[in-house]
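Colleague: Attaching a single structure in structure tokens format; questions to follow.
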Amino acid sequence: MALNPVKPETGAKLRVSVLGATGSVGESTLDLIGRDPGRYEVIALTANGNYSRLAELALHHHAQLAVVADPEAYNRLRGLLSGTGIKVAAGEAALVEAAAMPADWVMAAIVGAAGLAPTLAAVKQGCRIALANKECLVTAGALFKRTVAASGATLLPVDSEHCAIFQATVGLPADAIERIAITASGGPFRTWSREQMAKAKPADALKHPTWNMGPKITIDSATLMNKGLELIEAHHLFDIAPDKLAVIVHPQSIVHCLVECRDGSVMAQMSAHDMRVPIAYALGWPDRLDVPTPRLDLVKIGQLTFDEPDLARFPALGIAIAALKRGGSACTVLNAANEVAVAAYLDGNIGFLDIPAVVADTLDRAERGPSLPAPASLEDALQLDVSARAIAFELLTARAA
Ligand code: NDP
């Protein structure tokens, strides 16, 4: 397995930074940190434009630095924090500097490819990285892993399925594994027809049946693109071949992975669907924290069900699997096109079924040119991301017209 187990030092406070502090994962992380303030020293907290919530969090957790990516939010953030001793900065370069501030543990919870540069900066300091931002691995998986290896950083997966695999494979030799299945709730449209989905409004798609998450990942869960992104993430995190990975629909979201061994044993990890469970695992690793996350009552739940995903109704999953198998720059293009299409859907500019269509068309168009290798540097990744976004934007404008 690709993860690099390093035992944390004991005694001193754990210096923590949270990138994407104002988001769903960021807030859950700070909820856990706030329950045991004596154990942590908060270094840097970041947001995009939500300066008021960032200021509240920075004050509450006595952060050293608060950074907004959006330069227009700088003056307001500075106004709210003036006289507190908390440093304030804004802009993309400041975000990268915040991520590079010496820390023992960094939560990477910015949404989208915007998280790549800051997360790589955090990785380069060689600390423990709690990785929620799956788009980092989708956009630049090989580069990301090389940077982890070179810096000696420890990658702790936070996505619930990957945290589950991490736990279920402890002590398991890589050659013992036949297949790894990750589970999918199926999202709000699990039982909807294509005709119904064609008319689905963002408000419908944002009603996730089990998880409470930010808007981008919630739409990805509705299209099942999220599972595709997670297969790519699992491929990179666990060095597992695409044909040994699978998705199983499990509407109760209790079992998060099934690691199938060559002797017929299956290792599953279960927990209630609360992101504080995997975040707490990453925060306490390799120990277990005593946290008030919900306890699992299987008797009360009664039934756990499992099903095949329907690739005809949810083509995004098949598109992502094909990109994973194709390799090269395909996953970078896939991610960029998906981010553009999801934003357009949330803005009401395209329909729900246009999301996978725009992604597929962008991949087709990008592949008409010379085939490009996977990005070898951050600059390569950002350049590929920008050109794929331009294609996706052009295609969706034509679709919306
Ligand atoms: P949210 O949308 O709730 O939060 C995103 C965070 O990133 C916010 O702090 C936001 O700031 C910040 N942000 C957004 N855009 C930028 C930008 N361009 N530059 C810098 N910061 C930015 O997302 P989630 O917490 O739901 O998800 C975060 C990541 O974790 C995603 O990659 C997601 O796939 C992954 N993940 C999430 C899970 C969940 O349960 N939510 C589960 C598993 C993985 P602001 O508030 O100012 O906009």
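Colleague: For Ala390 and Asp364, calculate 0.36 nm times their separation in residues minus their Cα-Cα distance, and state this gained length in nm to one decimal. Don't jump to the answer; show the numbers that get you there.
Modeller: Numbers: separation 26, 0.36 × 26 = 9.36 nm, distance 1.39 nm.
Going from the current span to full extension adds 8.0 nm.
Colleague: Nothing charged except the Cβ atoms of Lys and Arg (+1) and of Asp and Glu (-1): what's the magnitude of the dipole of the chain about its Cα centre? Round to the nearest 20 debye.
Modeller: Taking the Cα centre of the chain as origin, the dipole is about 380 debye.
Colleague: Let me ask you something else. If we sort 147-156, 315-324 on the protection proxy, mean other Cβ atoms within 10 Å, highest first, what's the order?
Modeller: Output ranking for 147-156, 315-324: 315-324, 147-156.
Colleague: Could you estimate the translational diffusion coefficient of segment 13-111 from the Stokes-Einstein equation, with Rh from the Kirkwood formula over C-alpha pairs, at 37 °C and 0.692 mPa s, in whole µm²/s?
Modeller: It comes out at roughly 256 µm²/s.
Colleague: Still on this structure, I have one more. What is the gain in length, in nm to one decimal, between Gln196 and Ile301 on full extension, counting 0.36 nm per residue of separation less the C-alpha to C-alpha distance?
Modeller: So the chain would gain 34.9 nm between Gln196 and Ile301.
Colleague: I would also like to ask the following. Given 25 °C and 0.890 mPa s, how large is the Stokes-Einstein diffusion coefficient of segment 37-95 in µm²/s, with Rh as the Kirkwood radius over Cα pairs?
Modeller: 222 µm²/s
Colleague: Run the paramagnetic zone check for Asn349: 7 angstrom along Cα to Cβ, then residues of segment 128-142 with backbone nitrogen under 17 Å.
Modeller: Counting backbone N atoms under 17 Å from the label point, the list is empty.
Colleague: Could you report the chain's accessible area per residue, 1.4 Å probe, as an integer in Å²?
Modeller: Values: 16940 Å² over 401 residues.
That works out to 42 Å² per residue.
Colleague: Mind listing P(r) for segment 348-388? All alpha-carbon pairs, 10 Å bins, whole percents.
Modeller: 25, 43, 26, 6
Colleague: Can you give the three extents of the C-alpha atoms in segment 150-234 along their principal axes, from longest to shortest, in whole Å?
Modeller: The principal-axis extents, from largest down, are 47, 29, 21 Å.
Colleague: Still on this model: R0 = 56 Å: FRET efficiency of Ile248 with Asp70, Cβ-based, nearest 0.05?
Modeller: Details: r = 40 Å, r/R0 = 0.71.
Calculated value: 0.90.
Colleague: Principal axes first, then extents: for the Cα atoms of segment 93-214, list largest minus smallest coordinate on each axis, whole Å, largest first.
Modeller: Sorted largest first, the three principal extents are 50, 43, 22 Å.
Colleague: Just need log10 I(q)/I(0) for segment 283-401 at q = 0.10, 0.11, 0.17 Å⁻¹, Debye formula, equal scatterers on the alpha-carbon atoms, no solvent, rounded to two decimals.
Modeller: Those come out to -0.47, -0.54, -0.84, one per q.
Colleague: If amide H atoms are built 1.01 Å from N in the plane of the peptide, which residues on other chains or at least 5 residues away come under 5 Å of the amide H of Gln269?
Modeller: Under 5 Å from the amide H of Gln269 lie the amide H atoms of His256, Cys257, each far enough along the sequence or on another chain.
Colleague: Based on the alpha-carbon set only, what is the convex hull volume of segment 271-345 divided per residue, in Å³?
Modeller: Dividing the Cα hull volume of segment 271-345 by its residue count gives 195 Å³.
Colleague: Can I ask one more? Suppose every Lys and Arg Cβ carries +1 and every Asp and Glu Cβ carries -1, with no other charges. What dipole size does segment 252-381 come out with about its Cα centre, to the nearest 20 debye? Write down the numbers at each step before the final one.
Modeller: Details: 10 positive and 17 negative charges, 39 e Å.
My answer is approximately 180 debye.
Colleague: Rounded to two decimals, what ratio of Rg to Rh does the chain give with C-alpha atoms and a Kirkwood Rh?
Modeller: Rg/Rh for the chain comes to 0.95.
Colleague: How large a share of the accessible area of the chain, in percent, is made up of carbon and sulfur atoms when the probe is 1.4 Å and the other protein chains stay in place?
Modeller: 53 percent
Colleague: Using 29 Å as the Cα-Cα cut-off, could you pick out the over-long pairs in Lys134/Lys201; Lys87/Lys227; Lys201/Lys325?
Modeller: Lys87/Lys227; Lys201/Lys325
The values are calculated or read from the model by the stated rules, or taken from the named source; none is laboratory data. Predicted model, so just to flag it, every value in this text is computed and none were measured. Counting neighbours? That spans all protein chains shown, and the Cβs are built from the backbone with ideal geometry, glycine included. Keep in mind that these areas ignore ligands, DNA and RNA; they rest on the heavy atoms of the full protein, side chains included. Shrake-Rupley method; radii C 1.70, N 1.55, O 1.52, S 1.80 Å.
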